[in-house]
Amino acid sequence: MIEARNISVRYGDTAILHDISLTISAHEITTLIGANGCGKSTLLKALSGLHPVKTGEVLLSGHPLSDWSRKEIARQIAVLSQSPQAPEGLSVAQLVEHGQFSQKSLFSRGNLADVHWALEQTGMEDHADRPFDDLSGGEKQRVWISLALIQKPQMLLLDEPTSYLDLGHQIDLLNLLIRLQKDQGIGILMVLHDINQASFYADRLIALKDGHVYADAAPHDVISSELVKSLLNADVTVMQDQSGNHPYCVPFGRI
């Protein structure tokens, strides 16, 4: 469990997040939504200890992040950033093996059984010997998730994991995350730009506006035409799926 207590974050003289308090559970999929520049990525970094907070504190399993070493945090939280970069010339298995840094000493080899397990979770085990650079965008994203999974984390934080993927690969990836949460018990916190995908694939939505928490609840309690207008400056009609739990937005026609 990750808890933020009244945290504020700055980049230089610019305030990004203001007095945010929330708890992220390991038993659900939570998605951050909001306009560009509202602080979603910054919040993700602050909660994982990758960006310092100016005021307040972040706790991991009830203890301040400052009490944990970077390797200890990595055993609890795996982070997939927006545009990760891989060294040239690595095979898929070699790249995923690098994710074991938190479990091994500097010069020891990784556990190949764990590499196979991590690739199997994302359906990439048959690509273990392929050069990573030769993969498609969707395949690469699955390998990056394998690299995160090999840390055996309790929480997986992803910043816009569907970026640069076509719709089919986006859906495949989001279904993979649902399966990982259910089968492995890994808590998922991710940033998504597509509010409809956020509604259908998240148990909980946290809407940010101007560095503040604007709404925080289940999708059917968050998404409305008024919220979308205020949050994203978009005019939409909100429809309901058959369950009534996953509202979706249809933009007004072209003017």
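The numbers here are math on the coordinates, done by the rules we state, and not lab data. The model shown is predicted, which means the values in this text are computed figures rather than measured ones. Positions of Cβ are backbone-derived with ideal geometry, glycine not excepted, and every protein chain shown enters the neighbour counts.
Brief remarks on what is shown
- Region 69-85 - phi-based ³J(HN,Hα) in whole Hz, Karplus 6.51/-1.76/1.60, Gly and Pro as x: 7, 4, 5, 5, 4, 5, 6, 9, 10, 9, 10, 10, 7, 5, 9, x, 10
- The value of relative contact order for the chain, using C-alpha pairs under 8 Å at least six residues apart, is 24 percent.
- Of Lys71/Lys209; Lys140/Lys209; Lys71/Lys152, pairs whose Cα-Cα distance is over 23 Å: Lys71/Lys209; Lys140/Lys209
- Overall form of region 5-88 per C-alpha gyration tensor (a/c, 1.5; a/b vs b/c): rounded
- Each residue in Leu47, Leu174 was given a count of other beta-carbon atoms within 10 angstrom of its own, and listing them fewest first yields Leu174, Leu47.
- Rounded to 10°, Cα long-axis angle of helix 137-149 versus longest principal axis of the chain: 70 degrees
- For the chain, with +1 on Lys and Arg beta carbons and -1 on Asp and Glu, the positive-most of Gln82, His246, Ala198 along the dipole: Gln82
- The chain, helix-only ellipticity at 222 nm - DSSP H runs n ≥ 4, -39,500 (n - 2.57), divided by all residues, nearest 500: -9000 deg cm²/dmol
- Sorted ascending by nearby beta carbons within 10 Å, beginning with the fewest, Phe252, Phe200 become Phe252, Phe200.
- Cα-based shape type of the chain, given that a ≥ b ≥ c are square roots of the gyration tensor eigenvalues and the cut on a/c is 1.5: oblate
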